[in-house]
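The structure is given below, and queries will be raised subsequently.
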Amino acid sequence: MAGPIRTTCPYCGVGCGVLATPQADGSVAIAGDPEHPANYGRLCSKGSALAETISLEGRQLHPMIGGVRVSWSDALDAAADRLGGIIAEHGPDAVALYGSGQLLTEDYYVANKLMKGFIGTANIDTNSRLCMASSVAGHKRAFGSDTVPGTYEDLELADLVVLVGSNLAWCHPVLYQRILAARDARPDLRIVVIDPRRTNCAETADLHLPIAPDGDVALFSGLFAHLSNAGVFDARYVADHTTGISDALDAADDWTISRVAEATGLSTADVALFFDMFTATEKVVTVYSQGVNQSTSGTDKVNAILNCHLATGRIGRPGMGPFSITGQPNAMGGREVGGLANMLAAHMDFDDADRVARFWEAPAIAKKPGLKAVDMFDAIGEGRIRAVWIMATNPVVSLPDADGARRALADCDTVIVSDMFATTDTARMADIFLPAAGWGEKSGTVTNSERRISRQRAFRPIPGEARPDWWIICQIAQRLGFKGFDYTSPAEIFAEHAELSGFENRGSRDFDISALADRDYEKLAPAQWPVPRSGIGRARFFGSGGFFTPDGKARILPLAPPPPKDRGPGQLILNTGRVRDHWHTMTRTGRTPRLSAHYAEPFAEIHPDDAERLSIRRTQLVRLENAYGAAIVRALVTDRQQKGSIFVPMHWTGETAVTGRVNALLGPFTDPVSGQPALKMGRVSATPV
Ligand code: SF4
């Protein structure tokens, strides 16, 4: 029997190391990798059940056109013909690619190179837009670069961990286990949870602030003013390494504790206690994820948090800093290759287009940003985009106004889908289906939330005629007549990506992994970037300034909290999120009964007072409805939920409009800076069925 193969978990952004040991009967034994710095051997319920999700049942293992099996050459010819024909007739912006944080960096790299360098459009966006685009935008506004300043170890070294809009216990469980273990060893470590719901994290926290939806900018503006009044701003750090403090203070000046309490629905005592804890504790890490990012004020929320850390100099030192945790296993890798419509490659922007074109020898480099996810699907619906290629994601379930996304694909001239399964809501809309290899079958790299690049390795043969995504992309690129896509392995792609990161980099950008191009790809050990050829790597950024803005200083921004949300007559505020044992639209986790045992069906958490007012009984089916769509879910009556709002997990899908497909109830509203949809803010009526 073969020994264990080192790989990583395909689920969340913690990026746990996994040991996969193929068994004689064709199954695989899964264990946490004790040597991986993300998890040191731990796995959560999802990671532990990975072996149960890799059967071939339901897999689509042959290409199809119009639902009919065809050869690879016919499928690739057809895809290239349709893309090429539309580009020739309507221009490059008439085609689009919508990818996924599930893609490996090598897949992402060639997809981005094809679209932005050779086809000549930046219409390539991914479901990472739904996940952490506001963090990217906030980082770039403040730091001049999309840089996560800290490392997981900081969460264990901190004396205060503040979790904002993050149910880490369920969504990034191993990281939460690390924090709890640190608190067990050092009981002085305190945890504050800021979340409208009483989540699992809230139940284990020292303080829970059940904030009103989108109250975060007001809360952190008040904290900013309080830190100033308390005299804990770091005058030297602010003077040497930041700009904008005066304007930011003017904007925050009115945010007294009582005004913050009014705007956030919190008690003045709780607000004061939180402010005092933050003020008195130098080693503080503020962790945030989708509750911050998925909002029409998501980027401002991020900057409100960054302001507090920058003004106190609590950044980039052990146990201190703001910390964005990404949802997906390779959202960070996607950011690194520029797999978003408003980025180019290797953390370069479009004003670096000539530099990237020189490196790629690209004939048609895109010079301006493309359409972000929600705008992209609007353009598909309006016929401005005539062909879309969707890879490893299920936007008919996960996009806001999910019914609108379905209608857009139904009306699109050409829908190409690369996926493991032809039965997802999106794959069913495909004109051309390309069967992709999955986790355990293909090889590449991923980057986790602490900037750590790890190898994902194959431990079983690729079944049927499935192929790795990078191969599929390169085949179509070659059929479109482009040179520079004749790679024979992911190792060659990674080496090129690493070279590009160091190409003409004279310290103007953070992402430089050029030294990894010289290492043995097969033996590549987890490495935290930067890993430059010249200079040294580092675990943390910005402890001594060194920001990537033109003047090298961080921007502390003046911010205006959004007006309070009103529910609308008779409606409840809809909040969405995840459960512990499912991942995204359940195409993988839905295959194991063990994981479905935690929650077996879609549900809505509703406060007992609202349930009584609306005549909804415990466990009764409830119809949720608004102008965008409808869903039917089971009522879970609980005071974990705030009065006036309702929580529904986003995982469930279905064939008809009336199912647990909750994103069908969310409007296509986005943050004006990041373009990230407000997936945690809808308004619905709820009636018993
Ligand atoms: Fe996988 Fe995330 Fe669980 Fe780690 S914490 S095992 S990466 S799902």
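Assigning unit charges at the beta carbon (Lys, Arg +1; Asp, Glu -1) and nothing else, what dipole magnitude in debye, to the nearest 20, does the stretch 133-324 show about its Cα centre?
In debye, rounded to 20, the stretch 133-324 gives about 360.
Rounded to the nearest 500 deg cm²/dmol, what is the calculated helix-only ellipticity per residue at 222 nm for the chain, with -39500 (n - 2.57) per DSSP H run of length n ≥ 4?
Helices in the chain give a 222 nm mean residue ellipticity of -8500 deg cm²/dmol.
What does the charge dipole of the chain about its Cα centre add up to, to the nearest 20 debye, if the Cβ of each Lys and Arg holds +1 and the Cβ of each Asp and Glu holds -1?
780 debye
Follow-up. From the residues Ala554, Gly58, Leu223, which one has its Cα farthest along the dipole of the chain in the positive direction, the dipole being from +1 and -1 charges on Cβ of Lys/Arg and Asp/Glu about the Cα centre?
Gly58
Let me ask something additional. Tabulate in residue order the Karplus-calculated ³J(HN,Hα) for the stretch 538-552, using 6.51 cos²θ - 1.76 cosθ + 1.60 with θ = phi - 60°, rounded to whole Hz; enter x for Gly and Pro.
Once rounded to whole Hz, the list reads 7, 7, 10, 10, 6, x, 10, x, x, 6, 9, 7, x, 9, x.
If each residue's Cβ is checked for other Cβ atoms within 10 Å, how do Ile54, Ile390 rank with the fewest at the top?
Ile54, Ile390
For the stretch 117-126, just list the computed ³J(HN,Hα) in residue order, Karplus coefficients 6.51, -1.76 and 1.60, θ = phi - 60°, integers in Hz, with x standing in for Gly and Pro.
These are the phi-based 3J(HN,Hα) values: x, 10, 6, x, 9, 9, 6, 10, 9, 9 Hz.
5 Å is the cut-off here: which amide hydrogens, built 1.01 Å from N in the peptide plane, fall below it relative to Thr445, excluding neighbours closer than 5 in sequence?
Residues meeting the criterion, in which the H sits 1.01 Å from N, are Thr105, Glu106, Gln456.
Alpha carbon centre of the stretch 277-336 versus the stretch 363-392: separation in Å?
30 Å
How long is the gain from Ala31 to Ser489 if the chain were fully straight, where each residue apart is worth 0.36 nm and the alpha carbon distance is subtracted?
Roughly 162.2 nm would be gained on extension.
Here's a follow-up. Using each residue's phi in the stretch 350-355, evaluate 6.51 cos²θ - 1.76 cosθ + 1.60 at θ = phi - 60° and report the 3J(HN,Hα) Karplus result to the nearest Hz, with x for Gly and Pro.
5, 6, 9, 4, 5, 5
What is the sum of charges around Asp413, taking Lys and Arg as +1, Asp and Glu as -1, for the other residues whose C-beta is under 13 Å from the C-beta of Asp413?
-2
Let me ask another. Report the antiparallel proportion of the DSSP beta bridges in the chain as a percent, rounded to a multiple of 5.
Around 45 percent antiparallel, to the nearest 5.
When only Cα pairs under 8 Å and 6 or more residues apart are kept, what is the percent relative contact order across the chain?
20 percent
For Ser674, Ser246, which order do you get if you count the other beta carbons within 10 Å of each Cβ and list the fewest first?
By the 10 Å Cβ count, ascending: Ser246, Ser674.
What is the distance, in nm, between label points placed 7 Å from the Cα along the Cα-to-Cβ direction at Glu612 and at Ser73?
7.3 nm
Can you find, among Asn663, Ala24, His598, the residue sitting farthest towards the positive end of the charge dipole of the chain, where Lys and Arg contribute +1 and Asp and Glu -1 at Cβ?
Working it through, the farthest residue towards the positive pole turns out to be Ala24.
Here's another thing I want to ask about it. Would you mind ranking Thr147, Thr126 by Cβ crowding within 10 Å, fewest neighbours first?
Ranking Thr147, Thr126 by Cβ neighbours within 10 Å, fewest first, gives Thr147, Thr126.
For the chain, with the dipole built from +1 on Lys and Arg beta-carbon atoms and -1 on Asp and Glu ones, taken about the Cα centre, which of Pro369, Ala263, Ala686 lies farthest toward the positive end?
With unit charges placed on the Cβ atoms, the residue in question is Ala686.
Need one word for the stretch 1-149: rounded, prolate or oblate. Basis is the Cα gyration tensor (sqrt eigenvalues a ≥ b ≥ c); a/c below 1.5 gives rounded, then a/b vs b/c decides.
oblate
Let me ask another. Based on the alpha-carbon gyration tensor of the stretch 455-592 and its eigenvalue square roots a ≥ b ≥ c, which shape applies: rounded if a/c is under 1.5, prolate if not and a/b is larger than b/c, or oblate?
oblate
What is the sum of charges, Lys and Arg at +1 and Asp and Glu at -1, for the other residues whose Cβ falls under 9 Å from the Cβ of Lys372?
Surrounding charge for Lys372 is -1.
Taking amide H atoms as placed 1.01 Å from N in the peptide plane, list the residues 5 or more away in sequence, or in a different chain, whose amide H sits under 5 Å from that of Asp425.
none
Once you have a ≥ b ≥ c as the square roots of the Cα gyration tensor eigenvalues for the stretch 572-688, tell me rounded if a/c is under 1.5, and otherwise prolate or oblate according to whether a/b is larger than b/c.
In terms of gyration-tensor shape, oblate.
Search the structure for amide H atoms under 5 Å from the amide H of Arg190, placed 1.01 Å from N in the peptide plane, and list their residues when 5 or more places away or on another chain.
Leu160, Val161
Pull up the cross-link candidates among the lysines for Lys483, meaning alpha carbon to alpha carbon under 27 Å and not fewer than 8 places away within one chain.
The reachable lysines, counting only those whose Cα sits under 27 Å from Lys483, are Lys113, Lys116, Lys367, Lys368, Lys442.
If you don't mind, another one. Count charges around Thr312 for me, please; just the other residues with Cβ under 10 Å from its Cβ, Lys/Arg as +1, Asp/Glu as -1.
-1
OK, next. Expressed as a whole number of Å, what is the distance separating the alpha-carbon centroids of the stretch 237-261 and the stretch 155-182?
27 Å
None of the figures in this text is laboratory data; all of them are computed from the coordinates on show. This structure is a prediction, so every number in the text was calculated from the model and none was measured. Virtual Cβ from ideal backbone geometry, glycine too; neighbours counted across all protein chains shown.
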